[in-house]
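Everything on this sheet refers to the single structure shown next.
The values are calculated or read from the model by the stated rules, or taken from the named source; none is laboratory data. Predicted, not measured: the structure shown is a model, and the values here were computed from it. All Cβ positions, even for glycine, are placed from backbone atoms using ideal geometry, and neighbour counts span all protein chains on display. Areas reflect the complete protein model, heavy atoms only, side chains present, ligands, DNA and RNA absent. Shrake-Rupley method; radii C 1.70, N 1.55, O 1.52, S 1.80 Å.
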Amino acid sequence: MTRASLRRGWCPGALRPMPTGDGLLARIRLHGGKLSPFLARQLAISARRFGNGLIDLTSRANVQIRGLSEASHAELLAYLRDSEVLDEDPSAEAIRNILASPLAGTADFGALTDITSIFEALDQRLAADMHLRGLPPKFTFLFDDGGWPSLAEVSADLRFDACHSSCGSVFRIALGGTRADARPIGCCKSNKVVEFAIKIAHAFLATDDEAPHNTRLRQCATLLDASLATAGDKTLHSRDLDKNLPHPPIGLFPGTTGRSLLGLGFAFGRMTAEDLLCLADAAEDLGCATLHATPWRVLLMPFDKPTPLPRWLEQFAAQGFIIDPNDPRLALAACPGAPACKNATTPTQPDALRLTHYAKQLSKQGIGLHVSGCAKGCAYAQAAAVTLVAAQGRYGIVVDGKAQDQIPEPHLSIEAVATRLQTLLAARNS
Ligand code: SF4
């Protein structure tokens with residue numbers, strides 16, 4: 001085992017689950033975020049039979065099954081043995097961190113090119129190249145096909161964004177960040193993307209593995225600058241198809257080829273086994289062959305049989321799914337809290353839902369209220385209009401700041417927090 005792999009942290013997987021406050025957590029890495037109704041049903045049954053029935057959608061377009069025991073985890077693996085989501089071994093699983101445009105392969109929403117074969121080929125190369133097992137487990141590859149919804153604001157270590165250029169569609173290659181702040185290092189045609197991805201991953205591994213991650217990315221860029229400079233035309237034009245569409249992509253959207261798309265959200269990305277079974281049934285009834293997980297914890301359902309839609313929309317609303325882009329729960333962020341997280345002392349998500357009413361008023365766009373189980377702030381790394389930081393069932397309040405910021409006053413009960421939010425809003429509106 002290399003020095004780096006000894007030092008690195010690790011992320012949970014299906015083969016190597018993580019202990020949490022409510023048992024073992026298994027992260028199922030979907031291929032390209034794709035979830036067939038059959039696989040959705042398998043995962044729902046797994047959550048109900050082997051876990052505690054709770055399922056998380058993650059910000060990397062994966063699915064987590066919670067509440068497993070050692071014994072039931074072994075049963076889960078046996079049950080999923082023939083599914084395509086299990087890797088050969090935990091080290092192969094740990095580095096299979098590939099984000100792709102959620103609707104890759106569907107022609108309806110403006111993709112410049114089909115990237116499906118690209119990320120599938122990278123999947124295989126990552127599994128086959130033993131040297132790449134030395135990559136840090138959170139090292140993420142991202143492929144944006146230029147269509148909607150865009151991954152422009154999603155951060156990754158190595159990103160390939162499809163763009164227009166003077167020689168047609170090409171991929172802009174960049175290191176470390178969102179499309180706006182990642183460092184561009186060249187561009188290439190689609191038939192070279194996988195080759196460059198592997199080359200750059202090897203270059204990253206040649207950097208100083210004792211250095212901080214961002215330093216390694218900078219070193220990698222320096223190593224590569226000369227070799228990629230001639231890879232193509234750097235006058236590129238990204239598209240911004242999101243301007244007139246809601247973000248996150250929730251609601252009903254007409255496609256260009258006669259199909260429609262439904263975007264469904266879940267408070268904090270949390271659903272139950274019954275919710276996922278309901279989605280599998282709906283997908284089959286509506287003529288949807290694949291559900292698409294997204295980094296916004298939204299499931300996209302392209303469908304071509306609209307007749308049963310009204311009945312399913314009623315059902316989704318009854319199950320508490322978010323189907324309206326103006327739903328105030330979209331202005332809330334909350335980490336799993338107690339009992340799901342070992343560090344937590346406070347049930348953050350139920351408490352956050354009690355304050356839903358204030359979240360949208362605190363910020364017309366994005367997150368207005370962040371409820372964090374501790375100062376780590378896992379659910380939302382940025383500043384929010386109001387951040388609540390829990391300790392022993394009470395909350396410290398940070399206005400226009402982050403969970404790590406200084407808490408100016410003593411912690412309050414959730415009822416006192418509600419009163420304080422009313423006062424804050426009244427002062428803002430006066
Ligand atoms: S913010 Fe704290 S309590 Fe919440 S999930 Fe992270 S570590 Fe756990």
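Results for (1) open to solvent by less than 10 Å² (accessible area, probe 1.4 Å); (2) without any contact (Cβ under 8 Å) to a residue 12 or more places away in the chain, shown as yes or no for each residue.
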| residue | (1), (2) |
| --- | --- |
| Ala318 | no, yes |
| Gly366 | no, no |
| His370 | yes, no |
| Cys378 | no, no |
| Ile414 | no, no |
- [ ] Go through segment 253-276 and give me each residue that's within 21 Å of the chain's Cα centre (by Cα) and part of a helix (DSSP H, G or I).
- [x] Ala267, Phe268, Gly269, Ala273, Asp275, Leu276
TODO: Identify the residue in segment 416-430 that is among the β-branched types (Val, Ile, Thr) and closer than 17 Å to Val371 by Cβ and, among all such residues, is surrounded by the fewest Cβ atoms within 10 Å (Cβ to Cβ).
DONE: Thr419
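Specify which of the listed residues (Pro306, Pro408, Pro325, Pro295) is surrounded by fewer than 17 Cβ atoms within 10 Å (Cβ to Cβ), assigned to a loop (DSSP other than H, G, I, E, B), under 22 Å from the mean Cα position of the chain (by Cα) and more than 16 Å from the ligand (Cβ to nearest atom). Spell out the reasoning first.
Values: Pro306 fails: under 22 Å from the mean Cα position of the chain (by Cα); Pro408 fails: under 22 Å from the mean Cα position of the chain (by Cα); Pro295 fails: surrounded by fewer than 17 Cβ atoms within 10 Å (Cβ to Cβ).
The match here is Pro325.
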Task: Leading residue by the ranking (nearest to the ligand (Cβ to nearest atom)) among those in segment 345-362 that are of a type in the set (A, V, I, L, M) and out of contact with any Pro (no Cβ under 6 Å at 6 or more places or on another chain) - done: Ala352
Open item on the list: Return the pair list, or none, for Cβ contacts closer than 8 Å from residues in segment 334-345 that are of a type in the set (Val, Ile, Thr) to residues that are near the ligand (Cβ under 6 Å from one of its atoms) and open to solvent by less than 30 Å² (accessible area, probe 1.4 Å), at least 6 apart or on different chains.
Closed with: Thr345/Gly373
Open item on the list: Looking at segment 268-286, can you tell me whether even one residue there is within 16 Å of the ligand (Cβ to nearest atom) and open to solvent by less than 10 Å² (accessible area, probe 1.4 Å)?
Closed with: yes
Open item on the list: For segment 129-147, which positions are in contact with a Phe, Trp or Tyr (Cβ under 8 Å, 6 or more places away or on another chain) and surrounded by fewer than 22 Cβ atoms within 10 Å (Cβ to Cβ)?
Closed with: Pro137, Phe139
TODO: Might you let me know whether segment 5-15 holds any residue that is at pLDDT 95 or above and of a type in the set (A, V, I, L, M, F, W, C)?
DONE: yes
Task: Given (1) in contact with a Lys or Arg (Cβ under 9 Å, 6 or more places away or on another chain); (2) under 30 Å from Thr345 (Cβ atoms), number of the condition Ile95 does not satisfy - done: (2)
Open item on the list: Contact list please: Cβ distance under 6 Å, first residue in segment 102-119 and closer than 13 Å to Ser150 by Cβ, second residue modelled with pLDDT under 95 and in a helix (DSSP H, G or I), pairs at least six apart or on different chains.
Closed with: Leu103/Phe109
TODO: Hand me the list of strands (runs of 3 or more DSSP E) wholly inside segment 1-119 holding 1 or more residues that are open to solvent by 40 Å² or more (accessible area, probe 1.4 Å).
DONE: 18-20, 23-28, 54-57
TODO: Would you point out the residue of segment 345-356, among those that are of a type in the set (A, V, I, L, M) and assigned to a helix (DSSP H, G or I), that is surrounded by the fewest Cβ atoms within 10 Å (Cβ to Cβ)?
DONE: Leu353
Open item on the list: I'm trying to understand the selection: among the residues of segment 166-217, which are over 24 Å from Gln124 (Cβ atoms), free of Cβ contacts under 8 Å to residues at least 40 places away in the same chain, in a strand (DSSP E or B) and not charged (D, E, K, R)?
Closed with: Gly168, Gly177
TODO: Take the residues in segment 363-402 that are of a type in the set (S, T, N, Q) and out of contact with any strand residue (DSSP E or B) (no Cβ under 8 Å at 6 or more places or on another chain), then tell me which one is farthest from the ligand (Cβ to nearest atom).
DONE: Gln365
Open item on the list: Being within 20 Å of the chain's Cα centre (by Cα) and over 23 Å from Leu245 (Cα atoms) narrows it down to one residue among Thr140, Thr178; which is it?
Closed with: Thr140
TODO: Please specify each residue of segment 332-344 satisfying the condition of being part of a loop (DSSP other than H, G, I, E, B), more than 7 Å from the ligand (Cβ to nearest atom) and open to solvent by less than 60 Å² (accessible area, probe 1.4 Å).
DONE: Ala338, Ala340
Open item on the list: Checking Asp161 against (1) crowded, with 22+ Cβ neighbours inside 10 Å; (2) in a helix (DSSP H, G or I): exactly one of these is not met. Which one?
Closed with: (2)
